[in-house]
Amino acid sequence: MGVLANQAFVKMNGVGNEIVVVDLRHGGGKAPAAIGEAEARVAASPQGAPYDQLMALYPPRTPGTDAFVRIYNNDGSEAGACGNGMRCVASIVADASGKSALTFETKAGLINAWKGDDGLFTIDMGKPRFAWNEIPLAEEFRDTRAIELQIGPIDKPVLHSPAVVNMGNPHAIFWVDDPYAYDLERFGPLLENHPIFPDRANITLAHIVSREHIVMRTWERGAGLTKACGSAACATAVAAARLKRTERKVKVTLPGGELTIEWRADDHVLMTGPVAFEFNGTFNPALFEQATP
């Protein structure tokens, strides 16, 4: 039947990024299994709890951490990072434990989170990676601030020369005058699956408003067009600062709201923003009867 049958969940969002959280830490001594791809896809269906990312909390693997977190996109694939989802997870665990500072383990490493006096949660997303083989790219580019990639006619490309960054996930950022002037739902899948990205990539269109403000939209790898993507906001802020087009602390406006991103002097990227509770639910076991790998 799978892991999620009869499993309670919490539906939340982080600046419009639709998040479902399931807590599998209390399995009565038996370690819960990983969620299968088909199971994750079914859970995201209209009959389940539609989401951009599902955050599954498992018992801690590393002493001193609050949980091991596996992150699933709505196509069933696993993600390495989801900043908006981690804020939702931090909110739930903080409320239950009374702690204001938390540490989680993900596939991308350890992530620290804390609640500020303003009620907003900050996630330390770690250090960005810029080397071509760390992003990864299928071929070597010495300078990943702008790589040779375009879509459209050679002499008049629609999009070209993106910056690429790994922020727990691979990201490509195209600089444009208006992120809403492009059919990202059409271009997104083509670029996500371009051969230059062996692990696929998140595709962002970004406009630099000022040295302290960026407006952006993202086609999210494995999830599609989304109202917000926290790791993309971090990647975009870092890429802009790396090009010396912005300061290292910026406001990022996404379709679903605003985040504050700071690329600190110690190379860590901090993301601060709100979370919103939507509802509690339980997955109907009948949903998963037809789930096939």
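Numbers for the structure displayed
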item	result
Residue that is surrounded by the most Cβ atoms within 10 Å (Cβ to Cβ) [pool: residues in the range 234-273 that are more than 18 Å from residue 214 (Cα to Cα) and in contact (Cβ under 8 Å) with a residue 60 or more places away in the chain]	268
Count of the range 156-166 residues which are assigned to a loop (DSSP other than H, G, I, E, B) and in contact with a helix residue (DSSP H, G or I) (Cβ under 8 Å, 6 or more places away or on another chain)	1
Flag for residue 181 being closer than 30 Å to residue 264 by Cβ and among the hydrophobic types (A, V, I, L, M, F, W, C)	no
All positions within the range 167-195 that are open to solvent by 10 Å² or more (accessible area, probe 1.4 Å) and in a strand (DSSP E or B)	175
Counted residues, the range 112-124 - those being open to solvent by 10 Å² or more (accessible area, probe 1.4 Å) and either among the β-branched types (Val, Ile, Thr) or within 19 Å of residue 25 (Cα to Cα) (or both)	2
Strands (runs of 3 or more DSSP E) wholly inside the range 51-143 containing at least 3 residues that are among the acidic types (Asp, Glu)	none
Among residues of the range 274-293, those that are in contact with a Leu (Cβ under 8 Å, 6 or more places away or on another chain) and either within 23 Å of residue 212 (Cα to Cα) or modelled with pLDDT of 95 or more (or both), counted	2
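The values are calculated or read from the model by the stated rules, or taken from the named source; none is laboratory data. Just so it is clear, the structure is predicted and the values come from calculations on it, not from any experiment. Heads up, the Cβs are rebuilt from the backbone with ideal geometry, glycines too, and the neighbour counts pull from every protein chain shown. Only protein heavy atoms, including side chains, enter the accessible area calculation; ligands, DNA and RNA are left aside. Shrake-Rupley method; radii C 1.70, N 1.55, O 1.52, S 1.80 Å.
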